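Reviewing the structure listed below.
Since every read-out is calculated from the coordinates, none of them should be taken as a lab result. Being a predicted model, the structure only gives us computed values, none of them experimental. Every residue, glycine among them, receives a Cβ derived from its backbone with ideal geometry; neighbour counts consider all protein chains shown.
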């Protein structure tokens with residue numbers, strides 16, 4: 001390589017791009033595992049399921065409101081939804097919704113086939129940087145995860161990545177988790193609750209954080225919901241009540257169901273899609289019976305079994321394709337969508353975790369899912385969170401979103417005149433105006449992936465990506481202690497609510513990292 005070319009390469013590497021080639025909400029939908037005829041057959045069968053098999057165990061308010069709107073209880077005491085009503089509810093449900101951040105720069109427009117990626121998973125274990133054994137997760141781990149997500153460009157929103165296993169009082173847990181989420185990141189947060197009675201006090205705490213109920217109503221930066229179906233085809237009482245109560249947030253309610261093919265759903269993948277999407281629409285219907293037209297994020301998360309053992313496998317090719325098919329069907333209905341992808345079966349940060357995550361996330365994103373959850377940090381079939389994995393996955397998500405964006409073809413990008421200029425000039429494109437201009441907008445650059453030469457890599461001690469990830473985690477978490485809560489308001493909140501996140505752990509002086 002000539003000295004001039006080396007200087008040019010060094011200059012380009014020394015000046016990282018000011019803009020990114022990807023953004024939240026890039027349009028997907030190019031990948032379609034189902035053809036048009038498949039969509040129609042699945043749709044017809046879903047309507048048959050909802051009208052004839054129905055849903056078991058609706059909570060009293062849902063049963064009462066549904067019967068008033070033309071639903072009926074069949075001979076098996078299951079709530080059945082006439083297909084005309086199902087189609088009317090789908091037609092009238094909001095198709096475009098917002099996730100609002102504490103900081104408006106994190107606002108997300110959810111709908112169409114706009115793709116967003118974020119976390120979730122509620123793991124009960126942590127794999128610490130450099131560790132080879134799991135330990136139980138804590139509230140401090142959730143705070144660290146929130147702070148780390150706050151720094152990750154391609155993790156667009158936050159959800160409870162780990163369960164604080166040390167907290168026995170579930171009300172204190174739910175309130176503390178909500179506080180921890182919004183203390184650690186200014187991105188939008190999805191909340192979960194162990195009991196519907198915990199929603200109102202949590203909301204009162206959030207009102208105080210927002211500066212009053214009116215301020216909250218202007219910008220609700222969190223939403224609630226739950227897994228309100230027990231597969232196959234039965235409402236779960238506690239989480240149904242949580243979902244109904246979450247309407248109080250004034251923000252979209254999230255509903256998720258995860259039937260497992262071969263266990264709680266048919267082993268045939270088409271049948272698994274039918275059941276999962278039917279349960280997802282039944283959850284939308286449940287909310288609509290109580291509050292017609294209320295915005296809902298419809299989460300159809302079909303899971304897959306390893307039929308040799310019956311165990312859940314989050315990293316299989318079957319999981320990737322059935323998840324993409326569920327996303328495609330939710331797009332068929334035009335409802336705001338959510339799926340789970342990135343749930344590697346690997347127990348550690350390794351090659352298996354990388355290929356399983358990339359495959360599943362890429363297919364879901366290419367299918368145009370609005371909210372690709374579980375997409376960062378999860379290991380061990382959702383049993384553990386790794387912060388090292390999270391920062392590696394942020395690179396992966398940027399690359400996936402770049403593939404979703406695709407290639408823009410127009411007179412300028414076809415580059416005829418640029419080629420003409422170069423072949424009659426220097427004979428390379430490195431210093432052309434087009435190359436320098438597109439460096440910032442056409443190409444996505446990883447923070448951790450190794451693009452050095454073999455010699456440079458060897459000279460650096462031949463590091464592996466997990467080592468680099470661990471160093472990045474320590475660097476970020478030792479310095480990024482955001483102050484998103486006014487100290488005076490924080491004191492009032494701690495005086496009023498059982499906040500179990502220690503104040504002394506929320507500063508660099510804690511020395512935890």
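From the square roots a ≥ b ≥ c of the eigenvalues of the alpha-carbon gyration tensor of the range 378-420, which class results: rounded (a/c under 1.5), prolate (a/b over b/c), or oblate? Prolate, since a/c reaches 1.5 and a/b exceeds b/c. Under a no-solvent Debye model with one identical scatterer per Cα of the range 276-355, what's log10 I(q)/I(0) at q = 0.14, 0.19, 0.22, 0.23 Å⁻¹? Debye curve over Cα of the range 276-355, log10 I(q)/I(0) at q = 0.14, 0.19, 0.22, 0.23 Å⁻¹: -0.55, -0.83, -0.97, -1.02. Size of the range 293-436 from its Cα atoms: along the principal axes, largest to smallest, the extents are 65, 43, 27 Å.
Each principal axis of the Cα cloud of the range 140-243 was taken in turn, and the coordinate range along them, longest first, works out to 39, 30, 28 Å. Normalised by the number of residues in the range 209-256, the average gap of Cα pairs under 8 Å and 6 or more apart makes the relative contact order 41 percent. For the range 206-289, the calculated P(r) over all alpha carbon pairs, in 5 Å bins from 0 to the bin holding the longest distance, is 3, 16, 21, 17, 13, 12, 8, 5, 4, 2, 0 percent.
Here the range 416-513 yields Rg over Rh of 1.27, to two decimals, using C-alpha coordinates and the Kirkwood radius. Computed from Cα atoms, the angle from the helix 387-405 axis to the main principal axis of the chain rounds to 90 degrees. Report relative contact order for the chain in percent, whole number only (criteria: Cα-Cα under 8 Å, sequence separation at least 6). Here the relative contact order equals 19 percent.
As a proxy for reagent exposure, ranking 337, 510, 231 by other Cβ atoms within 10 Å from fewest up yields 510, 231, 337. For the range 194-302, averaging the sequence separation of C-alpha pairs within contact (under 8 Å, six or more residues apart) and dividing by the residue count gives a relative contact order of 25 percent. Scaling against 2.2 N^0.38 Å puts the C-alpha radius of gyration of the range 165-317 at 1.14.
The orientation-averaged shadow of the Cα convex hull for the range 141-186, equal to a quarter of the hull surface, comes to 2.9 nm².
Across the range 316-397 the C-alpha pair distances fall into 10 Å bins from zero in the proportions 21, 52, 23, 4 percent.
How do 151, 228 line up, fewest other C-beta atoms within 10 Å first? Could you put the intermediate results ahead of the total?
Numbers: 151 18, 228 28.
Ascending Cβ contact count within 10 Å gives the list 151, 228.
From helices alone, the chain scores -13000 deg cm²/dmol at 222 nm; the rule is -39500 (n - 2.57) for each run of n ≥ 4 DSSP H residues, then divide by the residue total.
In terms of its Cα atoms, the range 18-57 spans 56, 30, 10 Å along the principal axes, sorted from long to short.
Inverting the mean 1/r over all pairs of different Cα atoms, compute the Kirkwood radius of the range 44-195 and quote it in Å. Taking the inverse mean of 1/r over all distinct Cα pairs, the range 44-195 comes out at 18.7 Å.
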